[in-house]
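Where a number appears in this text, it was derived from the coordinates with a stated rule and is not lab data. The structure displayed is predicted, hence computed values, not measured ones. Ideal geometry is used to build each Cβ from the backbone, glycine not excepted, and the neighbour counts take in all protein chains shown.
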Ligand code: SF4
C-alpha cells in the first residue's frame, strides 16, 4: 500500500467508525497532518472530554491514552503503539505516593499530568505545564506539598511562585538534555532570537536563564502562541524537536532552530501511519483504566480542569 492509499483508508475508516484521531505535537509530521485535533496534554484531555466520536485513536504515549480513557470511559480509546512509554510517568508509582501520604497525612499531592492512572488515583490535584503555576497558587496555604514526578518543572514552579514544595526526583529523558549551558550558548550564537523553553527542561530553574530578557518559558501551546504573536522572526525552540513542524506550518516565513540536535522523544515516534491504520482497522490496542482506579483518578483531573 502506498502512503497515499494508507492515508485514504484511514480517512475512510474514521468516517465509517465515527472515530477521531487525537495527536500530540511530538508525534511524526505525517501523524500530526492526519490528526483531527493536534494538541498538548491539556488540550488533548479537554478534547477527549468534548468529542462525540465513539472511538478515540490516541496518538501519544500510554499515560495520555489512559487520561483520555479516565475522562471518557464510555468511549473506546485505542493506541496505535500501546508500548509507547514515558520516562517521567514511569519514575513514580502509586505505592510511592501511598507511602508519602501515610507519612504526611495533612500533605497535598500535586501530580503533573505525565503520570499513570494509578498515580493519579493517589493525587489531590493534577496539573499540566499550561496550568501548573495556577494550580499550585490556588492551593490552601501552610500545607506541605509534594510535587511529582518532574523535578525540573517543580523547581521552575518553586522559583516562579516562591511556594515551597517537596519535589520528586523524576525527569523527562528528552528535556533533561536541555541544560543551562546549551541554552546560554544558543542565546549567544543567535543574538536576534528569542528562546522558547518548555519548563520540563533542565535549564528552567537556572537564574541566568530565568532572568534573560530573551528567554520565555511555556507549555507547547504557549510556545506556539508566542511565535505567532511576536514581531521577531527567529526562535530557538527548547523542547521536543517535532514541535517545529507545527510552528513552521503556522508561521511559514519565520525561522525555528532546535536548541540541540537529537531533542527527540523516541516513544512518540513509535506511532506510524501503518500502525495507526492497523489499530483503526482492527480496533486493537484498547487502553482501559479499571473502574475502581478511574473513579479516584478522575477527581484530581476534574479539579485541574476547573482551575
Ligand atoms: S517527551 Fe519526555 S515527557 Fe514527553 S512523552 Fe517523551 S519522555 Fe515523556
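Side notes on the structure shown:
- The range 175-258: proportion of alpha-carbon pairs further apart than 21 angstrom, %: 19
- Residues 172, 126 arranged by fewest to most Cβ contacts within 10 Å: 172, 126
- The range 133-183: equivalent-ellipsoid semi-axes (sqrt of 5 x gyration tensor eigenvalues, Cα, Å): 23, 12, 8
- GNM top mover of 90, 30, 207 - the chain, alpha-carbon springs below 10 Å: 207
- The label point for residue 46 and the one for residue 255, both projected 7 Å from the Cα toward the Cβ, are 3.3 nm apart.
- Using a Förster distance of 25 Å, the FRET efficiency for residue 90-residue 264 (Cβ separation, nearest 0.05): 0.90
- Packing rank of 46-58, 255-267, 144-156, 180-192, where each peptide gets the mean count of other beta carbons within 10 Å, highest leading: 144-156, 46-58, 255-267, 180-192
- Summarising the strand pairing of the range 153-307, around 0 percent of its internal DSSP beta bridges are antiparallel.
- Efficiency of FRET between residue 185 and residue 37 - r from beta-carbon atoms, R0 30 angstrom, step 0.05: 0.25
- Residue among 200, 176, 291 with the largest mean-square fluctuation in a Gaussian network model of the chain, springs linking Cα atoms under 10 Å: 291
- Taking the helices alone, the chain has a mean residue ellipticity at 222 nm of -12000 deg cm²/dmol, built from -39,500 (n - 2.57) per DSSP H run of at least 4 residues and averaged over all its residues.
- Cβ-Cβ FRET estimate between residue 17 and residue 161, R0 fixed at 41 Å, reported to 0.05: 0.35
- DSSP beta bridge pairing in the chain, given as percent antiparallel to the nearest 5: 5
- Gained length - residue 295 relative to residue 99, 0.36 nm times residue gap less alpha-carbon distance: 68.5 nm
- For the pair the range 249-263 / the range 162-188, the C-alpha centres are spaced 20 Å from each other.
- Size-normalised alpha-carbon gyration radius of the range 251-307, reference 2.2 N^0.38 Å: 1.82
- Residue of 162, 85, 94 that the Gaussian network model of the chain assigns the largest fluctuation, springs spanning Cα pairs under 10 Å: 162
- Scaled radius of gyration (Cα, divided by 2.2 N^0.38 Å) that the chain gives: 1.00
- Summarising the label geometry, the points placed 7 Å from Cα in the beta-carbon direction at residue 248 and residue 281 lie 3.0 nm from one another.
- Computed extension length for residue 1-residue 192: 64.2 nm, one decimal, from 0.36 nm per residue of separation with the Cα-Cα distance subtracted.
- In the calculated pair-distance distribution of the range 102-154, the portion above 19 angstrom amounts to 21 percent of the Cα-Cα pairs.
- With both residues required to sit in the range 175-258, DSSP beta bridges show an antiparallel share near 0%.
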